[in-house]
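**Q** Got a structure for you, questions after.
None of the figures in this text is laboratory data; all of them are computed from the coordinates on show. As the structure is a computational prediction, the values presented were derived from the model and not from experiment. With ideal geometry, Cβ positions are generated from the backbone for all residues, glycine too; neighbour counts draw on all protein chains shown.
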Amino acid sequence: MTLPADHPLLDGRTTHSAVVRAFSADRPDTPPVWFMRQAGRSLPEYRAAREGVGMLESCLLPELASEITLQPVRRHRVDAGIFFSDIVVPLRLAGVDVDIAPGVGPVLGAPVRTAADVDRLAASGPLTAETLAPITRAVGLTVAQLGSTPLLGFAGAPFTLAAYLVEGRPSRDHLAARTLMHADPGAWRALTEWAADLTGSFLRAQVLAGASAVQLFDSWAGSLSRTDYVTHCAPSSARALSHVADLGVKVVHFGTGTEHLLTALRDVGADVVGVDYRTPLDEANRLLGGRTPLQGNIDPALLAAPWPVLEAHVRDVVRRGADAPGHVVNLGHGVPPTTDPDVLTRVVELVHTLGS
Ligand code: CP3
């Protein structure tokens, strides 16, 4: 199946947008910019819209999810919207007892620890069009408002999802998940293959409904050695991405602390590698052999620094990204909730004055 004829990439709305061009190894006149977690707690209008509505519940209310997606695009004039949702939404749609605890993150009713736990999960079957309807509808509403600004879809990579499923809550080193990977490789494989198909179908639904590119978040992959990543995680990430491979949209792959994994992140089937703030972009470009567009990597900590410090850093990021075949400016991780939104707007204005 290919994209529907009224998809923004096919009817010309976003085909030549700066973000799609940069993801396609092109260099528009000025570098495009958007921010991970641009839709969220740094915005007063987000906090007002979410008042009294749970995080996952808000992701499943199409009008609300669409409005929250559009808020940062209107305010900051970023070059892309990122769909307001969460990596654990497909788990909730599959019937997993998961919630997002404010200030904590995803919390499971019952962690997945044994082969029998994995079998129970896998028995849930694939997500149907009906189950995915709130996602499809929210994306459709959003794309209708965005015009020539592309909407980015996203999903969590199987390892990062498995890290939450096995740990049961956010953790620093993902010990229980990494133990299962080695102690019971069969159960690990079944778990990550199930997560790959689930997250892949979530990604595919967003693209078919109008997303112009997608990002796979393997936020915690940096806790793995390269060998463990390649052996135990890369196959399921490739499987997740295979769900959109026939649609021809560009794929960004991002994780934190992943300097040792940059080529591996690309080689599972990504077009663009998202770089966190720890690796300078010229170094990332060198590690990737100079043939992969990059996204990143303003240090979120500097958003709270005096403007001249932040301005010098943003200029340095753009300069270091100049040799890559394409560069979309972003943060090296998400917007901290305490960020002054006016600073983000000012960063967008600055980036748009710089040559690409
Ligand atoms: O603006 C955007 O980037 C789009 C929306 C988005 C959210 N989560 C909304 C959200 C995206 C792309 C995500 C991805 C996500 N979710 C990741 C990968 C990116 C990353 O940060 O590494 C991960 C690991 C999650 C899981 C998750 N969900 C965490 C760790 C948290 C934070 C917990 C907290 O409260 O600090 C969440 C909650 C979450 N997801 C919020 C938002 C806006 C905050 C919820 C709130 O407003 O209370």
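**Q** Springs between alpha-carbon atoms under 10 Å, Gaussian network over the chain: tell me which of VAL309, VAL268, VAL89 tops the mean-square fluctuations.
**A** In this elastic network of the chain, the residue with the biggest mean-square fluctuation among VAL309, VAL268, VAL89 is VAL309.
**Q** Here's another thing I want to ask about it. So what's the gap between the Cα centers of region 167-226 and region 261-280, to the nearest angstrom?
**A** With region 167-226 and region 261-280 each reduced to a Cα centre, they are spaced 16 Å.
**Q** Rounded if a/c is under 1.5, else prolate if a/b is larger than b/c, else oblate: which is region 138-293, with a ≥ b ≥ c the root eigenvalues of its Cα gyration tensor?
**A** oblate
**Q** Computed from the mean reciprocal separation of all distinct C-alpha pairs, what Kirkwood hydrodynamic radius does the chain have, in Å?
**A** Working: mean 1/r = 0.0495 Å⁻¹.
Value: 20.2 Å, from the Cα pair sum.
**Q** I'd like the Kirkwood hydrodynamic radius of region 78-202, using the inverse of the mean 1/r over distinct C-alpha pairs, in Å.
**A** On the way: mean 1/r = 0.0645 Å⁻¹.
It works out to 15.5 Å.
**Q** If you average the sequence gap of Cα pairs under 8 Å that are 6 or more apart and divide by the length of region 18-351, what percent do you get for the contact order?
**A** On the way: 650 pairs, mean separation 70.9, N = 334.
Over region 18-351, the number comes to 21 percent.
**Q** Count charges around GLY257 for me, please; just the other residues with Cβ under 13 Å from its Cβ, Lys/Arg as +1, Asp/Glu as -1. Before the final figure, lay out the partial values.
**A** Numbers: positive: ARG172, ARG226, ARG278; negative: ASP173, ASP218, GLU259, ASP276.
Here the count lands on -1.
**Q** Okay, moving on. Could you sort the peptides 324-332, 214-222, 282-290 by per-residue average Cβ neighbour count (10 Å cutoff), highest mean leading?
**A** Values: 324-332: 25.8, 214-222: 24.2, 282-290: 16.4.
With the highest mean Cβ count within 10 Å placed first, the list reads 324-332, 214-222, 282-290.
**Q** With a point put 7 Å past each Cα toward its Cβ, work out how far ASP267 is from GLU63 in nm, to one decimal.
**A** 5.0 nm
**Q** Once every DSSP H run of n ≥ 4 in the chain is given -39500 (n - 2.57) and the sum is divided by its residues, what mean residue ellipticity at 222 nm do you get, rounded to the nearest 500 deg cm²/dmol?
**A** -12500 deg cm²/dmol
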